[in-house]
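Asker: Pasting a structure here, questions to come.
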Amino acid sequence: MAMATQPVSVDGIEFDALIDLSETWESDVPSYPTEAGFVVSDTIILKPLTLSMTLYLSNMPVTWRERHGSNTSRVQDVTKQLEELYFQKTPVTVITSDKTYRNMAIVSIELTKTKETGASREIPISFQEIRVTESRTTTIPDEYGKSGATGVNAGMANTTAGETQGSTSGEGGSRSSIAWGIGNAFDYY
């Protein structure tokens with residue numbers, strides 16, 4: 001790990017030290033059996049980032065003393081703030097000296113007292129990235145046909161589009177893509 005230039009913080013709550021940090025990137029590769037007797041896969045589904053860290057907290061910080069001073073209730077105050085963050089169920093921002101993680105949900109916090117740490121705490125905490133989507137409505141162009149036997153306009157399409165949505169334009173018209181999850185897109189010109 002790089003030399004810390006700022007304290008690690010979770011939604012603005014600063015800690016004395018980062019003991020360890022682990023980023024986990026996972027994906028699923030769905031497989032489908034075929035009649036020919038083998039399995040095929042046609043996509044990779046990315047799971048959200050998970051972040052696990054152990055943070056150190058004390059009433060008499062050594063590393064960031066000029067920022068926090070000494071306060072006999074600091075550990076108690078910060079653990080209470082962490083509990084409140086957990087029960088608020090809102091995304092938080094985690095800042096380390098290397099990276100900033102936005103839209104993170106607190107998955108677990110372990111608040112343990114031991115005789116080895118005394119009034120200080122080593123706090124294991126885990127986060128999971130939250131991916132936010134938005135709903136969009138679009139008109140289906142007439143050249144895609146009419147619905148049913150009556151030939152009435154095909155109407156509107158509602159989708160939930162995520163990070164895979166986009167549009168491009170160039171010579172010969174424009175093209176848009178509306179996605180239903182990662183890897184499946186309906187394209188129209």
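All of the numbers you see were taken from the coordinates with simple rules; none came from a lab. All figures in this text were calculated on a predicted structure; none of them were measured in a lab. Every residue, glycine as well, gets a Cβ built from its backbone with ideal geometry; the counts of neighbours run over all protein chains shown.
Asker: Need the full-extension length gain, SER97 to GLN6, defined as separation in residues times 0.36 nm minus the C-alpha distance. One decimal, nm.
Answerer: 32.2 nm
Asker: Which FRET efficiency, nearest 0.05, do LEU21 and THR72 yield, Cβ-Cβ r, R0 22 Å?
Answerer: After rounding to 0.05, the efficiency reads 0.15.
Asker: Also, quick follow-up: FRET efficiency for VAL39 and PHE87, Cβ-Cβ distance as r, R0 = 41 Å, nearest 0.05? Working shown, then result.
Answerer: On the way: r = 44 Å, r/R0 = 1.06.
After rounding, the FRET efficiency stands at 0.40.
Asker: Within straight cross-link reach of LYS47, meaning Cα distance under 15 Å, which aspartates and glutamates are found once same-chain residues fewer than 8 apart are removed?
Answerer: Within the straight-line cut-off, LYS47 pairs with GLU23, GLU26, ASP28, GLU129, GLU163.
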